[in-house]
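The values are calculated or read from the model by the stated rules, or taken from the named source; none is laboratory data. Computed from a prediction, not measured in an experiment: that's the story for all the values here. No Cβ is skipped: glycine too gets one built from the backbone with ideal geometry, and neighbour counts run over all protein chains shown. Each accessible area value is taken on the protein alone, full model and side chains, heavy atoms only, with ligands, DNA and RNA left out. Shrake-Rupley method; radii C 1.70, N 1.55, O 1.52, S 1.80 Å.
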Amino acid sequence: MASVAAWVLGLVGCAGGDSGRQTGGDTGGDDISSEEVTNDTIDPSTFSSSLATETASSGPSDTSAETTAGSSSDPSGPSTGSVDGPTVVMVTPADETTGVDPDATITVTFSEAMDPASITADDGACRGVVQLSADDFASCAPLSASVDPEDGDTTFTLTPAAGLESASTYRVRVTASATAADGAPLGAEFTSDGFTSRYFHTIEVDGVDDWNGDEGLATSTDGHVAHIAWDDSYVYVGMRSPDVAIANGSVWVVFYFGGDGGSTEGVLANTQQPSLPFDARWHLRWRADNILTEVLEYGDAGWMTGGWEIGLGDVYRQGELLELRIARSDLADPDILEFHAGIQRDAMLDEASWAASPEGSYVDGYNPDYDQFWSFDLLGSDSPAQHVPQP
C-alpha cells in the first residue's frame, strides 16, 4: 500500500490584537468672629523639619535621553519580524520626547505610499490599525475618526479625541493590517517606545481638597505642607497648616515668585527682612484673619503694593487649607518659575518665620535668610514634587 504524505500549513494571524476677596471684609468659607480667641503661642523653638511628602513618579524612568518636545527624524522604535512589506519609519512625537502638549497630534510616516482606507484610527477599544496607549495597551486612548493623509499617502495625522492626560507616557502601535497602495501588508506590527505628555492640573479654588500627593511640598515645620500646581492658564499655590485656621491678624502666609527685574532682598515685615537666593519680582501674602490678601511687586522704588489684582475666585480658606491662584500672564508667562513659600508672624517682640518650602531653606526662628528655592519647569513632564530644590 502506497503511503500518502500530508502537508499542513499553519497560519498565525496577528491581531491589532472660603473665598477671601481682599478688598473688603472676611468672606471666607468659614465664619471667623473678630472676638474669637486666636492662637498667638507659636514657639519657633518647637518647630520640626521632619515632614516628608509622598511623590508620584510619572514619565520615563531614564531621563538621560530626554529631548525637547517636537518631531524627530529618527525612527520611533523597532519593528519586529520580517520587513518584506512597507515599514513605519517615524512617529511624532518622537520616542523619549517629554513635555508634549496635551493637544498634540500623532503622525505616522511609512516607507512608501499606503492605502488610506487601511489606516484607521482606534476608537479606544485597542482594535484599530493605529492605537495610542498609556498602559502598554491594556487600554487605549480614543482617536478622532478622521485620519489626514499627507506627502503622497506616506504620512498620516491622527488626533487624540480627548487630548493627552497629564504627565503620562504614551506608546503608538500600528498593526499589520495597514497595507501599502499596491496591497502589500505592513512588514511587521510596529510599537514605539513612547513619549511623555506635559504635567498639568487645574485646582478649583473652593476649599475642597483636590490636590494630588505629588503637589504637596515638605516644609521646615512638622504638620505644615505647601502646595503648588499649574495648568495652561494659572499657577495654583496653597498652604495646609493649623496656623491658617487660627484667625490671627499677626500671622501671614507668604509666597515669593521670581521674575526679570526682581530683587534678592525680601519684603520688610516689621523687623524681619530675608535675603533671597533668587531674584524675586512678586510677593503674595495672605493674613490669617482672612481679611487681607495683597501683592507687592519689586521695581525702581523697591517693593510696592500693586502687582496683579486679587479677584473673586482667586483665594479661598477652608479650615487649615488655604488656596490661591495667579494667572500665568500676571507672572509674565514664565517657562521656568522660581518660587518660595513660608509663614511669618510680625507681632512686636514676638516675630518668627516657619514652614519654609523648600524645607531646607532655613531653620525656623527669627528673621532667617532663605538658602533654597524651587525652580519649576512649567513646560516639562515632572510633577511639582519631582523637582529638586535649588541651588
For this session: Per residue, how big is the convex hull around the C-alpha atoms of region 166-252? Give it to me in cubic angstrom, could you?
Result: 152
Exercise. Leaving out ligands, DNA and RNA but keeping every protein chain, what accessible area does residue 335 have, in Å² rounded to the nearest 10, with a 1.4 Å probe?
Worked result: 90
For this session: Compute the normalised compactness of region 244-307: alpha-carbon radius of gyration over 2.2 N^0.38 Å, N being the residue count.
Result: 1.13
Problem set entry | Distance histogram in 10 Å bins (all Cα pairs of region 105-249, percent per bin) | 10, 30, 22, 14, 12, 7, 3, 0
Exercise. In debye to the nearest 20, how big a dipole does region 126-251 give about its Cα centre with +1 on each Lys and Arg Cβ and -1 on each Asp and Glu Cβ?
Worked result: 180
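Kirkwood hydrodynamic radius of region 279-391 from all distinct Cα pairs, in Å?
Computed over Cα pairs of region 279-391, the Kirkwood hydrodynamic radius comes out at 15.8 Å.
Want the number for residue 138 to residue 271: 0.36 nm per residue separation, take away the alpha-carbon distance, what's left? Please report the intermediate quantities before stating the final value.
Working: separation 133, 0.36 × 133 = 47.88 nm, distance 5.95 nm.
Once the chain is fully extended between residue 138 and residue 271, it gains 41.9 nm.
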Problem set entry | Using alpha carbons only: equivalent-ellipsoid semi-axes of region 147-197, gyration tensor based, whole Å | 25, 15, 8
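What does the highest-first list of 138-148, 194-204, 365-375 look like by mean Cβ count within 10 Å?
194-204, 365-375, 138-148
How fast does region 201-314 diffuse by Stokes-Einstein, in µm²/s, taking the Kirkwood radius from C-alpha pairs at 20 °C and 1.002 mPa s? Spell out each step's value before the answer.
Numbers: Rh = 15.4 Å.
Translational D for this selection: 139 µm²/s.
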Seminar exercise, completed: One computes Rg over Rh for region 328-391 from alpha-carbon atoms, with the Kirkwood Rh, and obtains 1.08
Problem set entry | Contour minus Cα-Cα distance for residue 279 and residue 127 (0.36 nm per residue) | 49.4 nm
Exercise. By what distance, in whole Å, do the Cα atoms of region 220-262 stretch along each of the three principal axes, largest value first?
Worked result: 33, 24, 20
Problem set entry | For region 211-267: relative contact order, % (alpha-carbon pairs under 8 angstrom, 6 or more apart) | 20
Exercise. Roughly how many Å² of residue 388 are accessible to a 1.4 Å probe, to the nearest 10?
Worked result: 100
Problem set entry | Approximate spin-label separation residue 101-residue 375, in nm, with each point projected 7 Å along Cα-to-Cβ | 2.6
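So if I take the alpha carbon set of region 308-364, get Rg, then get Rh from the Kirkwood formula, what is the Rg over Rh ratio? Don't jump to the answer; show the numbers that get you there.
Values: Rg = 14.6 Å, Rh = 14.1 Å.
Using only Cα positions, Rg/Rh for region 308-364 is 1.04.
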Problem set entry | Sites residue 206 and residue 333, calculated FRET efficiency, Cβ-Cβ separation with R0 25 Å, nearest 0.05 | 0.50
